[in-house]
Amino acid sequence: MTGLFQNKSNTLFYLLLFTYGFLGCLHLQSLPIAWTDEVMNLDPALQWHKHGIYKGFLWPNQGSDHLFLSYPPLIQVFHIGTMYLLPFDIFWMRLPFLILHLTTIWMVYRIAFFYSKNNLLALLLSALFMFDKVVFEISRSMRVEVLEMFLIASFFYFKTIKPNIIIRALCIGLLITAHLKMWPIALVMFIFNWKDAISIREKITVLFLSAFPLLIFCFAIQFQFEALYTQMFVQASKHQAVGSIWDRLTAGILQRFWPVYLEQIWVIPIAFYMLWRALKQVLNGQNSVASWCYVIGFLFTTLFMAGHYRYWPPLYLCGIILLSADQNIHQYTKNPMIQKYGVALILIFLPGFVLRHYVAELQQKERNPAIAIQWLETSISKEDKTLILGDALAFYTTKNPNWDYGMEIYPQNLHPEKYKKMYYLSRDTFLNQKPFSSYPVKHIKPLGIINRFVRGETYAGLHLYEITNLSQYHLLTKKFSKDYE
């Protein structure tokens with residue numbers, strides 16, 4: 001009977017993974033709609049393909065319009081590569097990230113089974129991870145956390161399922177080039193990987209491969225460390241924690257989990273159970289790479305980084321792997337009631353996932369970027385040199401070499417005098433003007449509690465305003481113009 005149940009758990013996992021991937025593809029371009037974080041990281045890659053120069057047009061940091069150094073290079077290099085292979089639109093740009101995320105979930109399941117030898121526990125932990133609100137939100141986006149989670153899962157996969165010290169070293173090296181918040185976790189992984197290396201030759205190889213991606217980046221930018229500091233660390237300072245230790249702890253914890261996890265309140269005690277178990281292992285001298293990664297990562301992001309909930313998923317992944325090796329949980333899942341009804345726990349994780357896909361289907365027309373982009377392209381002359389400010393949707397119109405997209409909140413490197421026409425795309429009013437054009441698709445509002453828990457913008461309600469002179473442009477941008485001086 002147990003073997004039959006284990007096989008059912010395994011089958012159910014692959015059914016859930018298939019459903020996750022199918023619905024992810026079905027609503028890939030509409031859930032979410034185009035948003036700022038994605039286009040900011042796509043921008044240097046687009047500039048590379050349009051102008052052959054690694055620079056940023058949208059980024060406000062001084063010097064980024066000549067050489068882009070405001071963000072670690074992994075995600076930009078990834079985008080540059082995908083733009084050589086795939087069409088430039090939301091669906092195709094997001095697709096590689098969804099595929100990597102599905103692979104991450106599969107590796108989490110395999111790792112959890114490796115530690116627990118229990119398909120039910122592996123299924124429950126994988127479901128806890130894949131249907132987590134923030135993890136699910138990021139799974140369809142082009143944020144660097146998707147790459148970070150893939151690399152973290154790969155490190156543990158090639159430590160447990162198919163041990164390979166070389167691949168682990170490469171994962172560490174790529175994590176270093178992903179984001180500054182990954183450096184403490186990468187350091188922990190490097191120490192454990194170094195200890196696993198037996199011979200001097202292996203240790204040298206581990207050291208070299210762990211440093212190799214960063215060395216390549218330094219060579220590519222010709223070791224311009226002053227410019228690197230000016231851009232990247234000034235950018236990082238905008239996202240660092242502030243105040244006393246107590247302020248950082250409370251802000252980091254509260255902002256990370258509340259109110260974003262209001263609909264999945266169980267994540268908060270689970271996160272602190274993970275921290276307790278990890279601290280207990282570390283203090284007892286148990287050499288668990290997952291526990292060290294969780295403790296060091298938790299302390300670093302809490303004390304030194306703003307409490308943004310989107311920084312949480314890579315750390316959560318380390319915690320899930322930690323729980324999969326937790327003997328207390330192993331014993332708990334042997335309880336006959338859990339064995340019999342444990343799968344039903346997955347139903348608790350599903351409402352947010354199901355409702356968000358339901359809303360995406362309900363609002364399919366108003367979330368469709370192709371229809372909205374067609375409206376923009378028929379409203380604006382394709383021949384005039386044009387700057388479009390405002391909503392991130394306009395970024396995807398800049399395949400046209402005459403059009404550029406800018407953000408009114410980051411006007412530092414924009415040069416409005418170069419353009420014959422300027423427009424502002426927004427849901428707001430602009431200087432009491434009548435819109436030049438309005439998006440004709442109407443908004444469908446979900447009913448009742450559904451609207452409360454799955455709020456999100458669509459393209460409905462967008463207006464296109466013409467900016468007729470430089471005075472209007474400066475009225476729109478002046479309150480942001482000195483932010484990065």
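The values are calculated or read from the model by the stated rules, or taken from the named source; none is laboratory data. Small disclaimer: the values here were computed from a predicted structure and weren't measured. When we count neighbours, we look across all protein chains shown, and the Cβ atoms used for this are built from the backbone with ideal geometry, even at glycine.
A few notes on this one:
- ILE80 being within 17 Å of PHE395 (Cβ to Cβ), surrounded by fewer than 23 Cβ atoms within 10 Å (Cβ to Cβ), at pLDDT 95 or above and in the same structural domain as GLY52 (by TED's automatic domain parsing): yes
- GLN47 vs. criteria in a helix (DSSP H, G or I) and not aliphatic (A, V, I, L, M): yes
- Flag if LEU17 is in contact with a helix residue (DSSP H, G or I) (Cβ under 7 Å, 6 or more places away or on another chain) and in a loop (DSSP other than H, G, I, E, B): no
Residue by residue, here is whether (1) within 23 Å of PHE349 (Cβ to Cβ); (2) more than 26 Å from the chain's Cα centre (by Cα); (3) not in a helix (DSSP H, G or I) holds:
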site	(1), (2), (3)
ALA271	yes, no, no
VAL282	no, yes, no
SER291	no, no, no
LEU303	no, no, no
TYR311	yes, no, no
HIS330	yes, yes, no
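- Boolean, ILE371 is under 19 Å from SER30 (Cβ atoms), modelled with pLDDT of 90 or more, out of contact with any Asp or Glu (no Cβ under 6 Å at 6 or more places or on another chain) and surrounded by 13 or more Cβ atoms within 10 Å (Cβ to Cβ): yes
- The lone exception for LEU121 - which of (1) part of a helix (DSSP H, G or I); (2) farther than 14 Å from LEU345 by Cα it fails: (2)
- Residue match in the stretch 221-239 (condition: more than 30 Å from HIS66 (Cα to Cα) and either outside the structural domain of PHE57 (by TED's automatic domain parsing) or β-branched (Val, Ile, Thr) (or both)): no
- Taken over the stretch 154-179, the criterion of being in contact (Cβ under 8 Å) with a residue 60 or more places away in the chain and more than 23 Å from the chain's Cα centre (by Cα) is satisfied by LYS159 alone.
- Pairing residues of the stretch 426-437 that are surrounded by 14 or more Cβ atoms within 10 Å (Cβ to Cβ) with residues that are outside any strand (DSSP E or B) and of a type in the set (S, T, N, Q), at Cβ distances under 8 Å and at least 6 apart in sequence or on separate chains, gives PHE436/SER379; SER437/SER379.
- Flag if PRO96 is under 30 Å from LYS159 (Cβ atoms), part of a loop (DSSP other than H, G, I, E, B) and at pLDDT 90 or above: no
- Scope the stretch 136-173; condition farther than 26 Å from LEU28 by Cβ, charged (D, E, K, R) and not in a helix (DSSP H, G or I); matching residues: LYS162
- Matching residues in the stretch 125-135 - criterion: being in contact with a helix residue (DSSP H, G or I) (Cβ under 6 Å, 6 or more places away or on another chain) and either surrounded by 24 or more Cβ atoms within 10 Å (Cβ to Cβ) or not in a loop (DSSP other than H, G, I, E, B) (or both): LEU125, SER126, ALA127, PHE129, MET130, LYS133, VAL134, VAL135
- Top-ranked residue of the stretch 366-405 - restricted to ones that are β-branched (Val, Ile, Thr) and part of a helix (DSSP H, G or I), ranked as nearest to ASP428 (Cα to Cα): ILE373
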